[in-house]
Amino acid sequence: MKTQLLPFIVLVFSIGLFSCNDQCKETRITRRLTPLTRSLTDLRNSVKSETKHELVRPGKIYTKGNYLFINEIKEGIHVVDNSDPANPRFVSFIVIPGNGDIAVRNNILYADSFSDLVALDISDPENAKEVSRVENVFRSGQFDGVGWALLNNTGGPVISIQDYTVDYVTETVTTNCEENWAGNGGWFWNDMLSSKASFSSSGSASSSAQTNGQAGSMARFALYDKYLYTVEQNNMHLFNISNPAQPGDFKTVTTNFNIETIFPYQNKLFLGTTTGMLIFDNANPAEPKQLSAFQHGRACDPVVVHNDIAYVTLRTGSACPGTANQMDLVDVSDATAPKLIKTYQMENPHGLSINFPTLFLCEGDKGLKVFDVKDKMTIDQHLLSFYKDMDAYDVISLGSNLMLIGKDGFYQYDASDPKNLRLLSKIPVKKAVP
């Protein structure tokens, strides 16, 4: 083993010894953060419906009936008439500062606005109106790894949000080559330091006659029975929506895990966390009880479930520590003792959706993969198609209609033939974010 390492050690030593005076030029895209304090009073007075906006920085997607709701990260929600998937039509934009998640029951849309939960009447999609809000229920959060926090001002009645603006600057710099390779950890470590310094469907039908929409696998909001469930950090909040227009802060369930996503399936809740998947018994929707935790290494972790199998993706990235880029299949037939079936290596998996036996898996800037998952032990041998010319963040499968969101825009496909998805429409972003 020592003999095998010797050439590598000599090479490293040689670079450090002889390249000290070499000059390197490189082009970098630097993320610059500017802290700012924002008054909650001003933010709360900003919620309103406006004429349509262009898609710039899309986040979560949600669909209900003929309408599609696309989150514009931290800014609000695009309302889209999707009665004709080949010709989606923007109808309005709802300004909601600090928005990242969406859920809809009947004609009431629920959205986070930094620390608050806001309920809006969307009976007229072109003129949404705020009908109520629950204040100061979310203490902190993050968008693309950049955190915000609710400030408890002790000097007066004003409550504020500590937030950041993010700018991307392209610059060419001249550096010492040795510093680039060793001092900054081969450029990778510098990116990691910068990040750390900055700090399938969830619309299960309830037992009542209420009608919910459908979210993607990245959702932090979920509707079940007469409750809205939201997750943040190590908390799951329950809001009583017996009266949909007047949600009430009902209960907070605390865990020892950093929760990222929530997926209701039958009478269970499946929570994706940075270190594993949590399974809750939700037979009594007012009292979800943790049954088990399937743990893995640190990584971002959405999950969807079909029958007795949970499909869990793990990925790395600037906001996702760890080294795993994979999909785990987990046997959840006994929800108290989930067992790993098999792990499949992926490139950088994000959201996923299943229309059994077809699984749609987003690979970030690598594109979209489509698998036949009938044989759970040979999924890697049944890649039906791989669409590479897109950015794929999350996906919703609605039978023959497939919706996909990414940094470069919103896509819709006719998925009648999973081997040959047919593009119906694309709403591009005004300008791609690095």
- prompt: Which entries in Lys64/Lys426; Lys60/Lys369; Lys60/Lys268; Lys48/Lys289; Lys339/Lys369 show an alpha-carbon gap greater than 28 Å?
  reply: Lys48/Lys289
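Taking a ≥ b ≥ c as the square roots of the eigenvalues of the Cα gyration tensor of the range 339-434, is the shape rounded (a/c under 1.5), prolate (a/b larger than b/c) or oblate? Please report the intermediate quantities before stating the final value.
Values: a/c = 2.29, a/b = 1.46, b/c = 1.56.
Taking the square roots of the gyration eigenvalues as a ≥ b ≥ c, the range 339-434 is oblate.
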- prompt: Counting only residues 5 or more places away or on other chains, whose amide H sits under 5 Å from the amide H of Leu384 once H atoms are built in the peptide plane?
  reply: Val370, Phe371, Asp372
- request: Mind running the shape call on the range 52-130? Use the C-alpha gyration tensor, a ≥ b ≥ c as the square roots of the eigenvalues: rounded below 1.5 for a/c, prolate if a/b tops b/c, oblate otherwise.
  value: oblate
message: List the residues, sorted by chain then number, that are 5 or more residues from Tyr224 or on another chain and whose placed amide H is less than 5 Å from its amide H.
response: Tyr229
message: Could you give each residue of the range 254-259 its phi-based ³J(HN,Hα) in whole Hz, using Karplus coefficients 6.51, -1.76, 1.60 with θ = phi - 60°, and x for Gly or Pro?
response: 9, 10, 9, 10, 8, 7
task: Report the net charge of residues surrounding Met236, where surrounding means a beta-carbon distance below 11 angstrom and charges are Lys +1, Arg +1, Asp -1, Glu -1.
output: +1
task: For Asn267 and Asn234, compute 0.36 nm times the residue count separating them, minus their Cα-Cα distance, and round to one decimal in nm.
output: 9.7 nm
message: Among 137-150, 372-385, 405-418, 40-53, how do they line up by average Cβ neighbours within 10 Å per residue, starting with the highest?
response: 405-418, 137-150, 40-53, 372-385
Amide H contacts under 5 Å for Arg105, placed H, 5+ residues apart: Tyr110
message: What does the C-alpha gyration tensor say about the overall shape of the range 250-331? Classify as rounded when a/c is under 1.5, otherwise prolate if a/b is larger than b/c, or oblate.
response: oblate
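What number, in percent, do you get for the relative contact order of the range 99-142 if the mean sequence gap of Cα pairs under 8 Å and at least 6 apart is divided by its residue count?
30
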Summed residue charge, Cβ within 13 Å of Tyr393's Cβ, Lys/Arg positive, Asp/Glu negative: -1
message: In whole Hz and in residue order, list the ³J(HN,Hα) couplings for the range 117-125 that follow from phi through the Karplus curve 6.51 cos²θ - 1.76 cosθ + 1.60, θ = phi - 60°; x for Gly and Pro.
response: 9, 10, 10, 10, 7, 10, 3, 9, x
Residue list for the range 412-426, given a label point 7 angstrom along the Cα-to-Cβ vector of Lys374 and an amide N cut-off under 14 Å: 418-419
field: Length added when fully stretched, Thr37-Ala149, from 0.36 nm per residue minus Cα-Cα
entry: 39.3 nm
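Taken together, the values in this text are just the output of simple stated rules run on the coordinates, not laboratory data. Since this is a predicted model, take the numbers as computed values, not measurements. Backbone-built Cβ (ideal geometry, glycine too); neighbour counts: all protein chains shown.
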